[in-house]
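Below is one structure; the comments refer to it alone.
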Amino acid sequence: MCLSVPAQVIEIEPSGWKARVDYLGSVVVVGIALLENVELGQYVLVHAGEAIQLIDMETALDGIALWKEMIDKT
Amino acid sequence: MNILTYRDGELFQQLCQKMIPFLQAYTHKMGRKFRFMEVCGTHTVAFSKTGVREILAPYVDLVSGPGCPVCVTAQTDMDQMIAYAKEKDVIVATFGDMMRVPGSDSDLSRERADGADVRVVYSASGAVEIASQNPKKQVVFLGVGFETTAPGVALAIQKASRERIKNFFVFSAHKLTPPAVRVLINDSEHQLDGFLLPGHVSVIIGRAGWTFLEESNQTAVIGGFEPIDLLTSIYLLATNMMSGKPCVLNHYPRIVREKGNQKAQAVLHDVFQVAPATWRGFGEIPQSGLAIHKHYRSIDATETIPIQKPITRTVKGCRCGEVIKGKETPFQCRLFGTACTPEKPIGPCMVSSEGTCATYYLFEEEKELVKP
């Protein structure tokens, strides 16, 4: 059930209720009514046909950088 | 940086080299392994599929918890879902995982083979579409899932109500995850050092949904599902447990916010009300289920579609209830791998793609992985 996958928004329907998203080449239509202000190019987490959260890429990068710091410390 | 960086093999290896010595030192100091529970079924699969469980096995016993909504669906609810399928002029719409879960006498797949109209949908809104395309039939959507899934179902209920789709109904077996974790922390038989909390439930409820664990002196980490997430989450659990200070850490901040998804919470609040629910293995847990609010009574299948209450019987020998609570491993069930396999499942833990038994059957060998 918890098969959430990250996907990139490539088109938002005029009604604002749905969007086409690209998950590594697969394009599907998902609902976006659980999110505010979805924009093209953003990454969203999709679960059971609904986008449930925006993925914060900056925070994602920071997270990796922190762990890389740990490795660089001798 | 792309989405897959948290899968980077080289970085993972380097982190292992840094972190494993810490785990080694801690377990040496304690004279025993760490014992953490991964609450979520998707974590169970992730640990097994990536091999991280095996890498950590010398230092950490990872106990699988009740975070598989299909697995914790009570037998009585399963029988009721199957009973809807038997009704004339009813189309049952369901997520795919439910199709082969055995009820007391049948399953949805078998009912479909016998002529029942049972359809797999990828979202609740798909079921609403089926209802609008089939006005002469009653469409019953089986609402199974935790806080991650329930908002999507709530949206579908709002849509059906708004568009006056009068032949769409929902049977809600939705459940809330924190109450089950509460039961586990109060269970003195469990000797758990901490909890790896479900990443995507936490997307909805936020870190705020788990702060009660700090008050109960627990160590908990909200983690993601990629290999680097898994390894670093366990490392953080171990270091924080050793420091002795209770905490609930958000280690999935790229997706989990402090207050979660408040729009999703508002939708849940509108459509559902908290109610007692019966869980496989746990029995009734108060305030752990989502019943459809009386505003939407006309969409609640239990209020509007009368069916004869089916007779439920338990299957002898099935240990799903104990596996779900983390009290036993699949290897301790006599039916595991013999009478009960993914091809011929006896219990839901072997059917669900997130079920502990299905996961262990596919990915684990019986070694000294976990001792209760």
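Listed values, structure above:
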item	result
Length-normalised contact order for chain B - Cα pairs under 8 Å, 6+ apart - percent	22 percent
Percent of beta bridges antiparallel (DSSP, region B:1-315, rounded to nearest 5)	25 percent
C-alpha long axis of helix B:9-30 to longest principal axis of chain B, angle in °	70 degrees
Number of partner chain Cβ atoms within 10 Å, mean per residue of B:124-130	2
Mean projected area in nm² (Cα convex hull; one quarter of hull surface) for chain B	18.7 nm²
Relative contact order, percent, region A:5-72 [alpha-carbon distance under 8 Å, six or more residues apart]	27 percent
Per-residue HN-Hα couplings for region B:161-174 [Karplus 6.51, -1.76, 1.60; θ = phi - 60°; Hz; x = Gly/Pro]	5, 4, 8, 6, 8, 7, 10, 9, 9, 10, 9, 8, 10, 5
Normalised per residue, the volume of the convex hull around the Cα set of region A:5-72 (Å³)	93 Å³
Most fluctuating residue given options B:VAL274, B:VAL323, B:VAL101, as computed from a GNM of chain B linking Cα atoms under 10 Å	B:VAL274
Reachable lysines, given that their alpha-carbon falls under 21 Å from the alpha-carbon of B:LYS29 and they are not under 8 places away in the same chain	B:LYS18, B:LYS245, B:LYS371
Centroid-to-centroid separation of region B:331-367 and region B:137-206 [C-alpha atoms, Å]	24 Å
Tilt relative to chain A, helix A:57-72 - C-alpha long axis, 0 to 90 degrees, to 10	20 degrees
0 to 90° range, to nearest 10: angle between helix B:41-50 axis and chain B longest Cα axis	50 degrees
Cα-based shape type of region B:120-159, given that a ≥ b ≥ c are square roots of the gyration tensor eigenvalues and the cut on a/c is 1.5	prolate
Helical contribution to [θ] at 222 nm, DSSP H n ≥ 4, -39,500 (n - 2.57), averaged over chain B, rounded to 500	-11000 deg cm²/dmol
Trypsin sites (Lys or Arg not before Pro) within region B:125-173, DSSP loop, no more than 14 other Cβ atoms inside 10 Å	B:LYS136, B:ARG164, B:LYS166
Packing-based ranking, highest mean first, of B:245-253, B:124-132 given that Cβ atoms within 10 Å are counted	B:124-132, B:245-253
Global form of the protein assembly as shown, assessed from the alpha-carbon gyration tensor, a/c cut-off 1.5	oblate
Loop-resident sites, region B:132-234, for GluC sites (Glu not before Pro), counting at most 13 other Cβ within 10 Å (DSSP)	B:GLU163, B:GLU189
Reach of B:LYS166 by Cα under 13 Å, taken over aspartates and glutamates that are not fewer than 8 positions away in the same chain	B:GLU129, B:ASP300
Förster radius 30 Å - calculated FRET efficiency between B:ALA113 and B:ILE305, Cβ distance, rounded to 0.05	0.85
Three-way shape call for region B:264-327 based on the alpha-carbon gyration tensor, with the a/c threshold at 1.5	oblate
Listed pairs A:LYS73/B:LYS325; B:LYS175/B:LYS344; B:LYS263/B:LYS327; B:LYS137/B:LYS159 exceeding 30 Å between Cα atoms	A:LYS73/B:LYS325; B:LYS263/B:LYS327
Average beta-carbon neighbours from other chains, 10 Å sphere, peptide B:115-123	2
Mean-position separation - Cα centroids, region B:249-326 and region B:34-59, in angstrom	25 Å
DSSP beta bridges in the protein assembly as shown [antiparallel fraction, %, rounded to 5]	45 percent
Cβ-based net charge around B:ALA266, under 14 Å, with every Lys or Arg adding one and every Asp or Glu removing one	-1
Averaged over B:245-253, number of beta-carbon atoms from partner chains that fall within 10 Å	1
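Laboratory data are not the source of any read-out in this text; all were calculated from the coordinates shown. Not measured: the values here are computed from a predicted model. For neighbour counting, all protein chains shown are included, and Cβ atoms are generated from backbone atoms with ideal geometry for every residue, glycine included.
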